[in-house]
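Notes for the one structure printed next.
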Amino acid sequence: MNESMPLWVAEERQALLAAIVDYSEDAIISKTLDGTITSWNLAATVLFGYHESEAVGQHISLIIPADRLHEENFIISEISNGRRIQHFQTIRKAKSGQEIPLSLAISPIKNSQGIIIGASKIARDISRQKEAAEKQGMLAAIVNNSDDAIVSKTLDGIITSWNNAAARMFGYTETEAIGRHISLIIPHERLAEEDYIIGEIKKGHSVSHFETIRVTKNGDFIPISLTVSPILNESKTIIGASKIARDISEKVAAHKELEHLYQQVKTLSDRKDEFIAMTTHELKTPVTSLKGFLQLLQIHTGADGKGRLFVERSIRQVEKLAMLINDLVDFSKLQAGKLGMHFESFDIKVLVEDCLELYATNSSHPFRFNYSGSLEVQADRLRIEQVIDNLVSNAVKYSPQGGSIDITVEGKTDAVEVKIKDEGIGIDDAVKGKLFSQFFRAVDPGYSIPGLGMGLYITKEIIERHGGSISVESILGKGSVFSFVLPRQSCNQ
């Protein structure tokens, strides 16, 4: 102590130093050269969990992990030689057994004769710094190993970081890019995009999936998808932008290929529709004429004999041909979205009776018709007649051994349900899901049943365009029940 210093000044200074030590946020510990702890402040208690009374007098190894005891020899050696140790990063152990990463600053303690008698140790917990450094390292590794180009820049557009993928994508190395303006990779005609992006960033908005074009060092243009986000400092002030750029060359190429394929398919579809329209138009006239001539021939042919039988069979074959032509026409209209609907109010009971009249004289199957409730609907009468005729016709065709055909119509609150049941060959469960598909026919090769496999597809489309639904229940070898529900007022009207 300075002998000329008044005692009260020395005492005041001592008290000030003690207060600084006691209220320091860093652990401050002193020890002798043989490692015995001689002082222990409040921060040391908080950090290591030992009270001052538990620590003072104990060896400093109290808080040193066994695998780091050799460090103490090094520290004492340095202190004994009068050398200070700064920023010595190590691990120490708390009373709980938890290991704490620390940064140590250690200074010699001298007595009044200048002889080194111990060491003063300031220990700062660097757990957060180490966690932050580890996270920073992990983020840096993610950025550097990303397949996407990741670039950061200031609000003035100056590049501040440039990852490996950016170097691969744009051809500039990190040293070539950092410090340059981002316009380095922006085509001249797209510079206005940068003003828009920076404008959004300054407002605190992110820009996601912004598809654009950028230019490489060798002049190639690359289609990319950009995601740009604001960079904030500790004060939450926006200081720049982080950009993730993904090369979408393959996506663009695939889109172009799909567009090309779509145009090819559309052209083929248009030609198919033209062909069907032309063919059906050319077929309808001779078929209509042929049917007319056959009907005249039927009138002038006697009631009996082979001649009349041949004429009747010919008329039936012409009617089948007319049905196939009509199916082709309807199919073509459906594909083109041109199958028109003309809605009117009618009683579906009367419609069913009209349909059954045609079969009563030309079919060996007994028909049973049951109905109940109000059967008035608002729908396209001709199209619903086409549906019923198709389902009844199928019931007849797919019951080659005969059996009754039951038609049931039931009026419900908001809809009418129609069921057509036969005792025919039935349908295998394995093909039920395909039954209403285009050109699908669930017919065993052993049965000779004509058709193109479009009738049920057209039927389903008509019912669904009325806002209704159609379904089937069937047991192989025992028959089928086709049901459709038709709203009283179509939602598609």
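Please name all residue pairs, on different chains or six or more residues apart, with Cβ atoms under 6 Å, provided the first residue is in the range 425-450 and is at negative phi and among the acidic types (Asp, Glu) and the second residue is open to solvent by 40 Å² or more (accessible area, probe 1.4 Å) and modelled with pLDDT of 65 or more.
Sorted first by the residue in the range 425-450, then by its partner, the pairs are Asp428/Leu476.
So which residues in the range 200-214 are within 21 Å of Arg168 (Cβ to Cβ) and surrounded by fewer than 12 Cβ atoms within 10 Å (Cβ to Cβ)?
Listed by number, the list is empty, since nothing qualifies.
What residue, among those in the range 370-392 that are open to solvent by less than 50 Å² (accessible area, probe 1.4 Å) and outside any helix (DSSP H, G or I), is nearest to Val350 (Cα to Cα)?
It comes out as Leu375.
Name the residue, out of Leu356, Leu391, Leu382, that is modelled with pLDDT under 90, touching a Phe, Trp or Tyr at 6+ places or on another chain (Cβ under 9 Å) and not basic (Lys, Arg).
Just one listed residue meets the conditions, Leu356.
So which of His70, His87, His51, His59 is within 15 Å of Ile37 (Cα to Cα) and free of Cβ contacts under 8 Å to residues at least 24 places away in the same chain?
So the residue among His70, His87, His51, His59 that is within 15 Å of Ile37 (Cα to Cα) and free of Cβ contacts under 8 Å to residues at least 24 places away in the same chain is His51.
Could you please give the count of residues in the range 215-251 that are open to solvent by 30 Å² or more (accessible area, probe 1.4 Å), among the β-branched types (Val, Ile, Thr) and not in a strand (DSSP E or B)?
The total comes to 1.
The values are calculated or read from the model by the stated rules, or taken from the named source; none is laboratory data. Note that the coordinates shown come from a computational prediction; the quantities given were computed from them, not determined experimentally. Note: ideal-geometry Cβ built from the backbone for every residue, glycine included; neighbour counts use all protein chains shown. Keep in mind that these areas ignore ligands, DNA and RNA; they rest on the heavy atoms of the full protein, side chains included. Shrake-Rupley method; radii C 1.70, N 1.55, O 1.52, S 1.80 Å.
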